[in-house]
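Colleague: Shown below is the structure under consideration.
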Amino acid sequence: MNVLAPAHLDRSFTWDAVKARHLLERAGFGLPPSAAQRLASMSLTEAVNALVDYERYPQNMVEPDWLPEIPDPREERKKLAALSAEARQQMRRERQRQEREALLRLQGWWVDRMLCTERPLEEKMTLFWHGHFAVSAQKVRSTRLHYELNQIFRTHATGNFGHLVRAVGKSPAMLEYLDNRLNRKGHPNENWARELFELFTLGIGHYTENDIKEAARAFTGWTARGGSFVYDARQHDDGEKVIFGRVGRFDGDQVIDLVLQQPACAEFICRKLWVFFVSENPNPEAVKELAKTFRDSGYELKPVLRQMFMSRAFYSPEVMGSQVKSPAFFVTNTVGKLGVNPNERMPLVLLAMKAMGQELFVPPNVKGWEGGRAWISTNSLLTRSSFTGYLVAGVSPSFGGEGKARLKTLSSPPPSSASPFASPMMSDTPSMMSQDVLGSSDSMPLRDEDVREFLLALAEDNRSSRQRFRTWFNASEFFAPYESWSVEQVVDTLAAYFLSVPLERSRRNILLEALCEKVARKDKQLLLRDIPEDNRRGMLYLLLSSAEYQLC
Amino acid sequence: MIVNTRLTRREFLKMTGLVTFAATVPQFLVELARASTSRPIPGFRDDKVLVVVHLAGGNDGLNTVVPYVDDAYYRARPTLGIKKENLLKIDDKTGFHASLAPLKALYDKGLVTVVEGVGYPNPNRSHFRSTEIWYTASDSDVFRTTGWIGNYLDQAAASGVQPVAALAVSGERPQAFFGKRGLGVAVANPQRFGWQKGPGGATLDRFKALNNPSSTSSDSVLEYIRHVATDAVVSADIIAEVAKRGRSEAKYSADAFSSNMKTVAQLIGGDLPTRIFFLSFSGFDTHANQAPTQARLLEQFASGMSAFWQDMEAQGNASRVLVLVFSEFGRRVAENASGGTDHGTAEPVFLIGKGLRGGFAGKRPSLTDLDAGDLKFTTDFRSVYATILEAWLGTDSKKVMGRSFPRLPLFQNSQS
């Protein structure tokens with residue numbers, strides 16, 4: 001049986017809320033949680049289409065208007081020349097500060113997109129391309145260039161791969177990151193040409209060292225000035241090149257044509273998509289077949305994604321609940337499921353992601369994030385726990401005192417009359433952040449005391465049970481619907497709500513014990529209302545510290 | 001716990017009243033203190049420690065250890081070539097990069113051995129693949145899943161070994177640690193490493209029980225995570241204990257490499273039962289405008305290393321510590337047009353420690369007899385590993401790497 005055969009053709013296949021949640025988690029960030037129910041009420045085909053054909057839903061994007069401008073290089077030189085050495089230094093420092101601040105806002109802006117979008121696949125694919133065409137702010141300092149590249153990823157997220165490669169290759173961010181802006185006739189710089197073949201399109205073994213050297217010559221003249229792509233004909237090496245055995249006076253665009261003609265290209269991208277969306281162990285047959293779809297469609301991504309999300313393999317028991325959550329997923333999904341508004345402490349959310357090993361716009365190197373099991377080390381696992389503990393196990397928020405309330409109340413319940421045309425991904429709560437919370441002065445920029453507080457939390461040693469924080473998770477609201485439930489029901493329901501993997505009985509009983517810690521049973525059925533808030537928080541903290549919770 | 005009952009060397013010095021002026025304590029007394037407290041690291045036969053430093057990105061070896069009498073060097077590097085007068089002269093044909101002054105001070109004491117021309121056949125110029133080759137000690141066309149340090153631990157560690165037998169000062173566990181037994185942990189900052197107890201019933205015991213592995217295998221991802229959770233908890237206990245006692249007296253700069261070396265010094269000083277420490281120091285991929293970048297990185301490297309060594313001396317641990325410094329490759333002999341250098345092949349490897357012969361080992365590659373613009377390697381990196389495995393860690397290198405490699409005369413007691 002073909003693993004890519006549409007799942008619903010199989011009589012034994014049932015489309016249900018668990019599978020719908022799986023789709024929502026893999027193709028997006030599992031948010032809002034209630035969307036799984038809505039997807040389950042559709043057919044499999046409709047549900048997959050709702051995710052893949054997302055253009056029918058509004059993008060709801062607030063474009064940043066706070067990105068520092070890129071100065072015109074000539075003007076800049078003039079300006080600098082007029083300044084004293086000290087003033088120049090001062091100006092440079094000021095620029096760096098502005099860029100750092102803008103980067104932080106951009107990171108928060110993207111996290112908000114992941115949380116609030118009605119087009120989760122668009123953001124998930126944008127994240128995929130960010131890891132694929134990795135560019136780091138450690139080298140490329142202009143935040144505006146990162147935003148522009150991010151928009152290229154979003155525009156072509158599920159579009160045509162050929163168009164995407166070309167747009168990325170001409171993006172000033174990539175031209176700077178892989179040094180092609182310095183690649184000149186007679187003085188080739190191979191960095192971009194090498195990674196184009198090795199990491200972006202073909203993979204090792206499908207080109208020679210000589211192909212790289214020749215391709216580097218073909219890309220001479222692709223450069224950037226003042227934040228825009230420039231083709232500098234004088235710096236272009238127009239000579240004859242031999243690439244993949246073909247001879248010609250190739251230029252950069254033609255090299256990309258040649259690359260796309262290589263059979264290895266479609267397989268390389270499809271394998272990577274499979275690893276990202278389906279399983280750490282790519283199924284060679286599935287990859288081959290997806291690659292055929294990819295080539296037949298002229299490198300259109302949607303047919304590939306649709307085939308993948310419809311396939312029997314995608315819903316197989318080995319695949320469901322077997323993926324390690326990326327920090328971006330872990331953080332957004334946790335925050336979304338707890339109904340917490342991250343904007344109040346966005347810098348902390350970003351810091352936590354960084355500590356877990358994924359700082360947006362700062363991938364570790366040009367290969368992007370390794371992903372899969374590599375997300376989990378002794379260090380990152382404890383950091384994940386620290387973050388959830390911080391979210392759910394701090395003291396209740398206090399609203400008085402410190403002048404302006406730092407903790408805004410959670411959003412009021414959603415208007416129940418959702419438009420019939422609304423995306424199933426329409427959030428249950430009004431957008432948490434899009435109302436330009438970023439612009440509000442008390443969340444940005446990064447507040448030192450918040451960071452210090454958070455670091456102290458992480459440093460807190462085991463013996464100290466003193467709680468230093470106002471949590472911004474509202475436990476009473478969160479648990480309110482369950483007050484009259486039995487403790488067993490509560491544990492089972494929360495486990496099912498938070499975990500994509502069934503929890504073994506013995507482990508579930510540990511959570512139950514934790515919930516009922518020091519509560520006298522007196523031979524009656526314990527209900528949640530008998531349980532003090534600390535126990536509820538503690539149980540939730542444990543649940544979110546389980547190995548099961550790391551998976552989706 | 002084992003560590004609780006052990007005196008650190010520092011505590012011994014303190015007891016014997018030698019600590020107050022550690023710097024002025026005669027070396028023989030420090031050695032004496034060391035000898036009297038010396039006991040094997042749990043799981044191993046002796047107390048030797050190896051610190052592995054990866055200069056990630058491909059350090060330009062030619063501008064690190066400079067053959068300043070070779071005209072070919074200046075011909076290949078008309079702008080990047082470092083003039084003789086700007087070098088730290090080592091001998092009549094070699095100079096260190098000026099940023100390496102603190103390292104040269106160690107060199108002058110005979111503590112540093114430079115192995116030249118280290119590489120491997122059919123070099124791969126991809127960072128990732130070449131790093132993988134160095135981490136797994138494989139041939140260039142062989143893909144291995146386990147690392148050389150993981151293999152070593154699988155092979156050599158006896159009962160009593162702790163997961164912290166190998167420790168990477170990092171958020172990530174390097175592939176070099178991958179092995180069947182899953183030993184080796186990642187710790188970014190020992191000061192904040194541990195599972196924090198929560199309110200109500202969220203106790204550490206429950207966290208452990210909740211994540212207790214059901215089997216010894218880590219085949220499924222779920223079981224893998226449970227093993228990691230267990231290692232984390234076990235290691236956190238030990239590290240918390242050690243971090244409290246481990247001190248460092250030397251002055252370190254604020255950069256990441258120096259502070260990571262300081263962490264290692266503190267953990268060694270506190271007697272963490274660790275055989276191998278691992279650090280990755282990145283930023284060496286200098287395709288453009290190399291000179292200032294490399295100068296800054298080498299300066300951080302040398303000063304961090306020098307402070308670390310001062311600590312080792314003050315702790316009385318210098319004789320039990322060996323440092324290995326490598327990069328996944330060197331860089332192209334000729335400079336490029338962007339004031340940088342592209343990915344290359346062979347490079348000098350540094351070893352720092354007391355039992356070494358010091359000076360230069362291996363053979364300097366020719367700058368004119370090149371392979372497509374790159375140096376031809378003269379020493380296989382696995383010969384360096386083999387020598388360390390046998391002479392320093394006392395194990396059969398063939399069992400670790402699956403093959404024998406010629407040993408190098410790097411150590412004072414070595415025969416060849």
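Read-outs throughout are calculated quantities, based only on the coordinates presented, and are distinct from any laboratory measurement. Given the structure is predicted, the values throughout are model-derived calculations rather than measurements. Counting neighbours? That spans all protein chains shown, and the Cβs are built from the backbone with ideal geometry, glycine included.
Colleague: For segment A:475-550, what size does the Cα cloud have along each of its three principal axes, sorted from largest down, in whole Å?
Modeller: On the principal axes, segment A:475-550 reaches 34, 27, 17 Å in Cα extent.
Colleague: Report the full-extension gain for the segment A:Ala17 to A:Arg56: residue separation times 0.36 nm, less the Cα-Cα distance, to one decimal in nm.
Modeller: Separation in residues times 0.36 nm, less the Cα-Cα distance, equals 11.7 nm.
Colleague: May I ask you to list the trypsin sites (Lys or Arg not before Pro) in segment A:231-275 that are in a DSSP loop and have at most 10 other Cβ atoms within 10 Å of their Cβ?
Modeller: Nothing satisfies the criteria.
Colleague: For B:Gly362, what charge total do you get from the other residues with a beta carbon under 14 Å from its beta carbon, if Lys and Arg give +1 and Asp and Glu give -1?
Modeller: +3
Colleague: Roughly what would the spin-label model give for A:Gln138 and A:Glu46, points 7 Å off Cα along C-beta, in nm?
Modeller: 4.8 nm
Colleague: Per the Kirkwood treatment, what hydrodynamic radius in Å, one decimal, follows for segment B:66-135 from the mean inverse distance over all distinct Cα pairs?
Modeller: 14.3 Å
Colleague: Most exposed first by the Cβ proxy, i.e. fewest other Cβ within 10 Å, how do B:Asp141, B:Asp154, B:Asp231, B:Asp271 rank?
Modeller: On the way: B:Asp141 10, B:Asp154 17, B:Asp231 22, B:Asp271 26.
The most exposed by this proxy come first: B:Asp141, B:Asp154, B:Asp231, B:Asp271.
Colleague: Quick check: pseudo-label points 7 Å beyond the Cα along Cα→Cβ at A:Lys518 and A:Ser297, how many nm apart are they?
Modeller: 5.8 nm
Colleague: Additional query: Charges on Cβ only, +1 for Lys and Arg, -1 for Asp and Glu, centred on the Cα centroid of segment A:475-550; of A:Leu499, A:Leu511, A:Gln525, which one is farthest towards the dipole's positive end?
Modeller: Going by the charge dipole, the pick is A:Gln525.
Colleague: For B:219-232, what's the mean count of beta carbons from other chains sitting within 10 Å of each residue's beta carbon?
Modeller: For this peptide, the per-residue mean of nearby foreign Cβ atoms is 6.
Colleague: Further, regarding this structure: B:Lys180 to B:Lys109: FRET efficiency via 1/(1 + (r/R0)^6), r the Cβ-Cβ distance, R0 51 Å, to the nearest 0.05?
Modeller: The computed FRET efficiency comes out at 0.80.
Colleague: Rounded to two decimal places and with Rh computed the Kirkwood way over Cα pairs, what is Rg over Rh for segment A:1-95?
Modeller: 1.43
Colleague: Still on this structure: Looking at chain A only, what percent of DSSP beta bridges run antiparallel? Nearest 5 please.
Modeller: 90 percent
Colleague: Projected area of the protein assembly as shown, taken from the Cα convex hull and averaged over every viewing direction, in nm²?
Modeller: 42.7 nm²
Colleague: I've got another one for you. Aspartates and glutamates near A:Lys518 by alpha-carbon distance under 15 Å, same-chain residues fewer than 8 away left out - which ones?
Modeller: Straight-line reach from A:Lys518, under 15 Å: A:Asp530, A:Glu533, A:Asp534.
Colleague: Ok, one more. Using 0.36 nm per residue, how much length does the chain from B:Thr378 to B:Ser404 gain when fully extended, once their Cα-Cα distance is taken away?
Modeller: On the way: separation 26, 0.36 × 26 = 9.36 nm, distance 1.69 nm.
Fully extending the segment from B:Thr378 to B:Ser404 adds 7.7 nm.
Colleague: Another question, if that's okay. For chain B, what proportion of DSSP beta bridges, expressed in % and rounded to the nearest 5, is antiparallel?
Modeller: Of those bridges, close to 40 percent are antiparallel.
Colleague: Arrange the peptides A:350-358, A:536-544 so that the one whose residues have, on average, the most other Cβ atoms within 10 Å appears first.
Modeller: Working: A:350-358: 22.1, A:536-544: 27.6.
Final packing ranking: A:536-544, A:350-358.
Colleague: Loop only per DSSP, at most 12 neighbouring Cβ atoms within 10 Å: give me the GluC sites (Glu not before Pro) in segment A:228-334, ordered by residue number.
Modeller: Taking segment A:228-334 and a limit of 12 other Cβ atoms within 10 Å, the loop GluC sites (Glu not before Pro) found are A:Glu240, A:Glu318.
Colleague: Full-extension gain between A:Ser228 and A:Arg92, please, as 0.36 nm times their residue separation minus the C-alpha to C-alpha distance. Write down the numbers at each step before the final one.
Modeller: Values: separation 136, 0.36 × 136 = 48.96 nm, distance 2.11 nm.
Full-extension gain reported as 46.8 nm.
Colleague: Obtain the nm distance between the two label points defined at B:Asn289 and B:Lys251 by a simple spin-label model: each point lies 7 Å from its Cα along the Cα-to-C-beta direction.
Modeller: About 3.0 nm, to one decimal.
Colleague: Please sort by residue number the trypsin sites (Lys or Arg not before Pro) in segment A:110-202 whose DSSP state is loop and whose Cβ has at most 15 other Cβ atoms within 10 Å.
Modeller: Numbers: sites: A:Arg113, A:Lys124, A:Lys139, A:Arg141, A:Arg144, A:Arg154, A:Arg166, A:Lys170, A:Arg181, A:Arg184, A:Lys185, A:Arg194; in loops: A:Lys139, A:Arg141, A:Lys170, A:Lys185.
Passing both the DSSP loop test and the Cβ count: A:Arg141.
Colleague: As a quick test, which of the pairs A:Lys170/A:Lys272; A:Lys354/B:Lys180; B:Lys84/B:Lys354; A:Lys124/A:Lys367; B:Lys83/B:Lys104 have an alpha carbon distance above 20 angstrom in this structure?
Modeller: A:Lys170/A:Lys272; A:Lys354/B:Lys180; B:Lys84/B:Lys354, as the Cα separations exceed 20 Å there.
Colleague: Also, quick follow-up: Can you tell me what share of the DSSP beta bridges in the protein assembly as shown is antiparallel? A percent to the nearest 5 is fine.
Modeller: 50 percent
Colleague: Report, in degrees rounded to the nearest 10, the 0 to 90 angle that the Cα long axis of helix A:263-277 makes with the longest principal axis of chain A.
Modeller: 20 degrees
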